[in-house]
Amino acid sequence: MIRIALLLSLMLMTGCSSPRPTPRPDLNGMLRQSVNSRRDPSLGGRWLASLGQRNGRERVELIDLRSRNPVPLPGLNRADAQPISVSVSADGQRLAVVQQREDRTELVLYRRNVGATQRLPLDPPGVPRSVSLDGSGRRLAVQVSRNGRWDVDLIRLP
Amino acid sequence: MPRPLLILLASLMLAGCNGRSERAGGALLATSQQAPALSGSGEWLAVISDRGGRPTVQLRRLSDRSVVSVPQLSRHQPHSSPSLSWNGRYLAAITQRGRRRLAVVTDRLNGRMHPLPLPGGRDPVQLSLAPDGQQIALQVTDQGRWRVELLDLSDLLEPDRPPGQSLSTPALSSEP
């Protein structure tokens, strides 16, 4: 009887406490172990894009949170490119990346079904910094340095 | 026709052909804007903008470029790293509480604000809210390194899904 009363009061206490955010230990362990350092997360549904550092080099990584596996991104992480910011569409098919390459900071769009990057010119020219894709991956907002201050440009993508 | 006018017309035509890029500035061209975040639907844009010298989240509806107030985020500056759910119902950002940084999610439908304290007293650096609002990724500093950690919010927030997929979320009116 005492045991039942204890169980009941425990259930009541749990029921009364307000809902809380709960860590995902399974996924967090995997995210911690696979790289030395990870930053700039972007969540699109089941997809997590981020910049992971391994052996002193930072790369764009896309993880399928359902299978807990990294997704190959052929043609994206070129040896001469240093990523700065990344954003993923809700279906995980499109990645917008700001990267530094050959002393130039550029905004590129990567389509997984094509496996290639496309440079997106800024008009008027400026230096991109932080990027955000909408869910469909067809609208993009990017922070751009122009004439000594930060603008936000909106770009529609085909 | 005068030559300058011809050049102007030609450049306008060229810009029209290219015409995929626009600036988000609108009425607020005078202020600096950083850390843009689009909603999943692409209808809402959150940025960090200077308000009285304090970096503050600003939310804009892109269809009419109007600025929409978010009363829950009028304090606790500096703000950083805004992130929006699919229909813009949830707006997450990092705020300041005393000496600590604190991630919060505001629900614009009912005006609630949910603080997301991190275990171990760590401070968030950057965040990303999933489009449906059911989980959040937080970049934290841990022993001199950056980590990304995921928090499940499904007990806290009901889903904010694309129209047509909505199960329990009522449509969001233009003003909270």
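One table, with the values for the structure above:
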read-out	value
Value of [θ]222 nm, deg cm²/dmol, for chain A, DSSP H segments ≥ 4, -39500 (n - 2.57) each, nearest 500	-4500 deg cm²/dmol
Long-range tail of P(r) for chain A (Cα pairs > 25 Å, %)	41 percent
Among B:37-46, A:117-126, the order from most to least packed when residues are scored by Cβ within 10 Å on average	B:37-46, A:117-126
Residues of region A:126-158 buried by at least 40 Å² on assembly (accessible area, 1.4 Å probe, chain alone as reference)	A:Ser132, A:Asp134, A:Arg139, A:Gln143, A:Arg149, A:Trp150, A:Val152, A:Leu154, A:Arg156
Value of Rg to Rh for region A:71-114 (Rh from inverse mean 1/r over Cα pairs, i.e. Kirkwood)	0.96
Net charge, A:Val131 excluded, C-beta distance under 12 Å - Lys, Arg +1, Asp, Glu -1	-1
Protein accessible surface hidden between B and A, which excludes ligands and nucleic acids, total in Å², probe 1.4 Å	4100 Å²
Accessible area in square angstrom per residue, region A:25-156, 1.4 angstrom probe	43 Å²
Heavy-atom accessible area, 1.4 Å probe, ligands and nucleic acids excluded: residues of region B:138-158 down by at least 20 Å² from chain alone	B:Gln139, B:Arg145, B:Trp146, B:Arg147, B:Val148, B:Glu149, B:Leu150, B:Leu151, B:Asp152, B:Asp155, B:Leu156
Chain A: angle of helix A:2-16 to the longest principal axis, Cα-based, in degrees nearest 10	30 degrees
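The values are calculated or read from the model by the stated rules, or taken from the named source; none is laboratory data. Please read these numbers as outputs of a predicted model, since none were measured by experiment. Positions of Cβ are generated from backbone atoms using ideal geometry, with glycine treated the same way; all protein chains shown enter the neighbour counts. Note: areas computed on protein heavy atoms with side chains; ligands, DNA, RNA excluded. Shrake-Rupley method; radii C 1.70, N 1.55, O 1.52, S 1.80 Å.
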